[in-house]
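Bear in mind these aren't lab numbers, they're just calculated from the coordinates by the rules spelled out. A quick note: this is a predicted structure, and the numbers were derived from the prediction, not measured. Reconstructed Cβ throughout: ideal geometry from the backbone, glycine too, with neighbour counts over all protein chains shown.
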Amino acid sequence: EAGVAQSPRYKIIEKRQSVAFWCNPISGHATLYWYQQILGQGPKLLIQFQNNGVVDDSQLPKDRFSAERLKGVDSTLKIQPAKLEDSAVYLCASGTHLYNEQFFGPGTRLTVL
Amino acid sequence: RKEVEQDPGPFNVPEGATVAFNCTYSNSASQSFFWYRQDCRKEPKLLMSVYSSGNEDGRFTAQLNRASQYISLLIRDSKLSDSATYLCVVNGGGGTASKLTFGTGTRLQVTL
């Protein structure tokens, strides 16, 4: 079974630039999550989707971050404009149900200079 | 108080030792609890779910104490390959809009 796919794996940009990350969840998984993991910390949930609807985006900095899952399958997370403090690993995860195990992708390591 | 708190460690233990990690959570309505393992520069992976009655998987035992709002993970006969960060994860409770909250993780280093 194919796992959660993410691209790119690494991205280096300058502050105030824009960046987008892509995630393809495990086939059939209804729930999809985006997390931000800063070095030395646990993952912090940014947004979670159930199919193509947003379940929770309370921790998403909406002035600069946006995410969509238009057809209920793959998803994109965008940062516009990026700040230095956005440097982190962005993890995508998917699951069959809100209360069940989440399967994580390899993450995208973002460096903002 | 943080939603999920863990001792960041590191815990340095010799091979064969028994080590225990604790994790406390603040939301008494939390419904689901998990331990995830994260290797250096890798993604988190589920180690085990934590059930009210406690559960065991080989050398790993997880316990839940709802009254005191803490979860524990016990690793017996530690192996070098157990070296990793162990993340305590709590489902926040509150219906369908629940979210998983991760602790900062406890780093374990098993040495020869």
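Neighbours of B:Q63 by Cβ distance under 15 Å: Lys/Arg scored +1, Asp/Glu scored -1, total +1.
So if R0 is 25 Å, what FRET efficiency would A:Q41 and A:A5 give, r being the distance between their Cβ atoms, rounded to the nearest 0.05?
E(calc), rounded to 0.05, equals 0.55.
Report the residues of segment B:37-55 in range of a label on B:Q69: point 7 Å along Cα→C-beta, backbone N strictly under 17 Å from it. Counting only backbone N, you get no residues. For trypsin sites (Lys or Arg not before Pro), the sites in segment B:1-79 that DSSP calls loop and that have at most 11 other Cβ atoms within 10 Å are B:R1, B:K2, B:R41, B:K79.
A simple charge model with +1 on the Cβ of Lys and Arg, -1 on the Cβ of Asp and Glu and nothing else charged puts the dipole of the protein assembly as shown at about 540 debye relative to its Cα centre.
Exposure proxy shown here: for B:T111, A:T31, B:T101, A:T96, the number of other Cβ atoms within 10 Å sets the order, fewest to most, as B:T111, A:T96, A:T31, B:T101. Legend note: in chain B, cysteines whose Cβ sits 4.7 Å or more from every other cysteine Cβ are B:C40.
How charged is the neighbourhood of B:K42? Take every other residue with its Cβ under 14 Å from the Cβ of B:K42, and add Lys/Arg as +1 and Asp/Glu as -1.
Residues close to B:K42 contribute a combined charge of +4.
Note down the net charge around A:V112, summing +1 for each Lys or Arg and -1 for each Asp or Glu among other residues with Cβ under 15 Å from its Cβ. For residues surrounding A:V112, the net value is +4.
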